[in-house]
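Only one structure is covered here, and it is reproduced in the block below.
The values are calculated or read from the model by the stated rules, or taken from the named source; none is laboratory data. Quantities reported herein were computed from a predicted structural model and do not represent experimental measurements. Cβ placement follows ideal geometry from the backbone for every residue including glycine, while neighbour counts extend to all protein chains displayed. The area values use the complete protein model at the heavy-atom level, side chains included, leaving out ligands, DNA and RNA. Shrake-Rupley method; radii C 1.70, N 1.55, O 1.52, S 1.80 Å.
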Amino acid sequence: MERLVAAVLAAGVLQVLLATADDHYLLSRIAFGSCADQSAPQPIWDAINKFDPQVFIWLGDNIYGDIRRPFIFLGKERTIGPWQNAPRFIPSSSSEMLSRYNSAKNVPGYLRLRAKAKVVGTWDDHDYGLNDAGKEFSAKSTNQRLLLDFLDEPQDSPRRKQAGVYTSYTFGPPGKQVKIILLDTRYHRDPLSSDGSVLGDSQWSWLGKELRGPPSAITIIGSSIQVISNLSGTTGPLFYMESWGRFPKERDRLFKLINDSKRDGVFFISGDVHFGEITRYDCAAGYPLYDITSSGLTQAVEKVLPSPLRFIVRFLAWFTPSTMRVKNQNCRYRSCTYGEPNFGAIQINWDASPVNLKIQVRDINGLPVTGVDISLSELQAWNRTIKAGQDQRHCTLEVKLPWIVRYRLAILVYSVLALLLLALVGLICAVTLACRVCLKKCKTD
């Protein structure tokens, strides 16, 4: 207990020192992650601490604050199916949210990280307070305060006075500065089916000033939901995931803002989807825009199946078309996705000429499962090194694919279900026929 208390005190002192020294130390190691269930074991902090980041970035679902009700097909309150009449998720009280934040904040591995690294972050839906919620959520102001308390945000911080948790940080000396911009994709977001706004007018205005402000060698934009990938364009109508791709006008506006700002060295980091991947879009800013997705620290898509059947998830990930996913020799699996617990790691080699970035998604043991090595000169519009074939490969949006390719996952699933149904009907017919024959034989005897 004494060690835990000492670690908490040390973390508080460190946060104050780093907050006043952002411009003075060279930033070369950054870790990030999302989707951490406070009630689940969190052994991944050992690997994160071994990586020894100077900064750790939360990308949302830092706790699971809402209440998930079980699947109920029949009865008075049905939470799933075409006859659903009750929500699957409901918000918890502010006292329960606080209790869950306290549990998350006192995980031993996370305490060790806080004692030696600056921790910053934004939120997603489950720590915002309700699954898939946007600007309509009534408890957002209260939950904003709880999140900022969790992040040890100073009481006089502008984030405590504004509507939303968006913010930015700048680290490093002139010429070697790293700017981290954290977006709020919840507080002002319109309904998912509206193609309305993700950020809201005030946050858009702020983001424009940030991107047009003083230059930095590297600019990392953190979004709780994926920016480049739009897997919902290929997984529908089976299921849909939140992403900027669900708001195509807003995503185009974001790309245009980056391009018009003439800012070099920009890339995205994101979470939310319970798997890790790296995606890339070459036709937005004059240089490739990368999106490194790490999700989650505890939540992972492969956990829905027992270990012997997890190959099914990997096969489906490979079979689902994705025009933006980066596939190279650094991938552990053929799909170049990773559906087990993971975190993101960024290493910046300032001594290399040109400056080199190694960006990876790492597993629970700290080993890379996918990654890219990027020269900083590749992220500059004046020095395009992308070949024509590569341009074509990462410029076709998922929604522009031929329908037979775009919906091949749904075609496969529905075909398998149809075959299973036919097999079931055939089995019933065979059993019925056998029973009749047996009954007829019994009567004859």
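Below are the figures for this structure:
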quantity: Over 30 Å (Cα to Cα) - which of Lys50/Lys249; Lys105/Lys135; Lys249/Lys327; Lys161/Lys209; Lys50/Lys262 fall in this group; calculated: Lys50/Lys249; Lys50/Lys262
quantity: Area accessible to solvent at Lys441, 1.4 Å probe radius, in Å²; calculated: 130
quantity: Peptide ranges 54-64, 418-428, 125-135 listed from the most packed, as the mean C-beta count within 10 angstrom indicates; calculated: 54-64, 125-135, 418-428
quantity: Where Ser28, Ser295, Ser99 fall by accessible area, highest first, once all protein chains stay in place (1.4 Å); calculated: Ser99, Ser28, Ser295
quantity: Span-rule helices in the chain, defined as complete DSSP H runs reaching 30 Å or more along the axis (Cα) with Kyte mean at least 1.0; calculated: 408-444
quantity: Sequence of Ile404, Ile348 when ordered by accessible area, the most exposed leading, probe 1.4 angstrom; calculated: Ile404, Ile348
quantity: Signed unit charges on C-beta, dipole axis of the chain, positive-most listed residue Gly426, Leu376, Leu409; calculated: Gly426
quantity: Exposure ranking of Cys331, Cys35, Cys442 by accessible area [1.4 Å probe, largest first]; calculated: Cys442, Cys331, Cys35
quantity: Net +/- balance of residues flanking Ile48 in space, Cβ distance below 10 Å, scoring K and R +1, D and E -1; calculated: +1
quantity: Positive minus negative residues near Thr293 (Lys, Arg vs Asp, Glu; Cβ under 11 Å); calculated: -2
quantity: Cut-off of 10 Å, at most 13 other beta carbons, DSSP loop: longest stretch of the chain lacking such GluC sites (Glu not before Pro); calculated: 137-445
quantity: Förster radius 60 Å - calculated FRET efficiency between Lys441 and Asp201, Cβ distance, rounded to 0.05; calculated: 0.15
quantity: Total formal charge among the other residues, if their Cβ is under 12 angstrom from that of Pro70, Lys/Arg +1 and Asp/Glu -1; calculated: +3
quantity: For the chain, calculated [θ]222 nm from helices alone, where every DSSP H run of n ≥ 4 adds -39500 (n - 2.57); calculated: -10000 deg cm²/dmol
quantity: GNM result for the chain, Cα springs below 10 Å: residue of Arg280, Arg88, Arg112 fluctuating most strongly; calculated: Arg88
quantity: Unit Cα scatterers, Debye sum, the range 404-444: log10 I(q)/I(0) for q = 0.22, 0.32 Å⁻¹; calculated: -0.71, -0.93
quantity: Selected from Ile220, Ile67, Ile364 as most flexible by GNM, with the chain as the system and alpha-carbon contacts under 10 Å; calculated: Ile67
quantity: Percent of alpha-carbon pairs separated by more than 21 Å within the range 123-198; calculated: 35
quantity: The chain: Rg to Rh, with Rh as the Kirkwood radius over Cα pairs; calculated: 1.03
quantity: Dipole of the chain [Lys/Arg +1, Asp/Glu -1 at C-beta], most positive-end residue of Leu257, Leu146, Trp83; calculated: Trp83
